[in-house]
Amino acid sequence: MLLIKKLPREFINGYWHSIGLFWCDFCKQEIKKKLSAGKSQKSCGCQRNPFGINNPNYRHGECDERIYDVWKGIKHRCLNLKAINYKDYGGRGITICNEWLEFIPFRDWALGNGYKENLVIDRKDNDKGYCPENCHFVTVAENNRNRKRKI
């Protein structure tokens, strides 16, 4: 990818990162990425996507966003049998609604329901799954008070 210009540093997931605006020759779009990632990649990700840029689960540039990591974390905890905390989520029946199995519907719901970079997703009822009716965004401190105690 071709670096168009350097952008101001951003604080992402607890660390400062150098950011740049890159040009993807494959899909002909400008993409904001970490400088280290953009300089070493040949495309923005469109070439790794077997379904092309029209895949409803794919969005240019958003795989580096925190909201995407939140969504991946939910799926990982609920669906990946090898996840360290699977036993506390998918293993005890915590599910993710069909609508949120794709990123775009989750992202749209989150942005319309209080998502902010400094908040985490929380289930109102810890015995129910991840779905719009049972989830909201809270601070880390609020989420820690809502934990299931291990004996």
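Residues of region 53-91 that are closer than 19 Å to W109 by Cβ, of a type outside the set (K, R), in a helix (DSSP H, G or I) and at pLDDT below 90: E62, C63, I67, Y68, D69.
Collect the residues in region 9-25 that are modelled with pLDDT under 75 and surrounded by 13 or more Cβ atoms within 10 Å (Cβ to Cβ), keeping them in residue-number order. If the condition is that a residue be modelled with pLDDT under 75 and surrounded by 13 or more Cβ atoms within 10 Å (Cβ to Cβ), then I12 is the only one that fits. Cβ-Cβ contacts under 6 Å between residues 6 or more apart (or on different chains), taken from a first residue in region 20-42 that is polar (S, T, N, Q) to a second residue that is crowded, with 16+ Cβ neighbours inside 10 Å, are listed as Q29/H60; Q41/M1. What residue, among those in region 109-127 that are under 16 Å from N144 (Cα atoms), part of a loop (DSSP other than H, G, I, E, B) and within 16 Å of the chain's Cα centre (by Cα), is modelled with the highest pLDDT? The residue in question is L119. Please work out which one of (1) farther than 26 Å from G14 by Cα; (2) touching a residue at least 40 places away in the same chain (Cβ under 8 Å); (3) of a type outside the set (D, E) is the condition N134 fails and give its number. Tallying (1) farther than 26 Å from G14 by Cα; (2) touching a residue at least 40 places away in the same chain (Cβ under 8 Å); (3) of a type outside the set (D, E), N134 fails exactly one: (2). Any idea which residue in region 95-119 is nearest to L81 (Cα to Cα), counting only those that are out of contact with any Phe, Trp or Tyr (no Cβ under 7 Å at 6 or more places or on another chain) and of a type in the set (A, V, I, L, M)? Only one residue fits best here, namely L101. In this structure, K6 does not satisfy being among the basic types (K, R), surrounded by 13 or more Cβ atoms within 10 Å (Cβ to Cβ), at pLDDT 80 or above and more than 20 Å from I104 (Cβ to Cβ). For region 26-47, taking the residues that are of a type in the set (S, T, N, Q) and part of a helix (DSSP H, G or I), the one that is modelled with the lowest pLDDT is identified as S40.
Of all residues in region 8-29, those satisfying the criterion of being out of contact with any helix residue (DSSP H, G or I) (no Cβ under 9 Å at 6 or more places or on another chain), closer than 30 Å to V120 by Cβ and not hydroxyl-bearing (S, T, Y) are P8, R9, E10, F11, G14, W16.
The values are calculated or read from the model by the stated rules, or taken from the named source; none is laboratory data. These figures come from a predicted structure and were not determined experimentally. Using ideal geometry, Cβ is built from the backbone for each residue, glycine included, and neighbour counts are taken over all protein chains shown.
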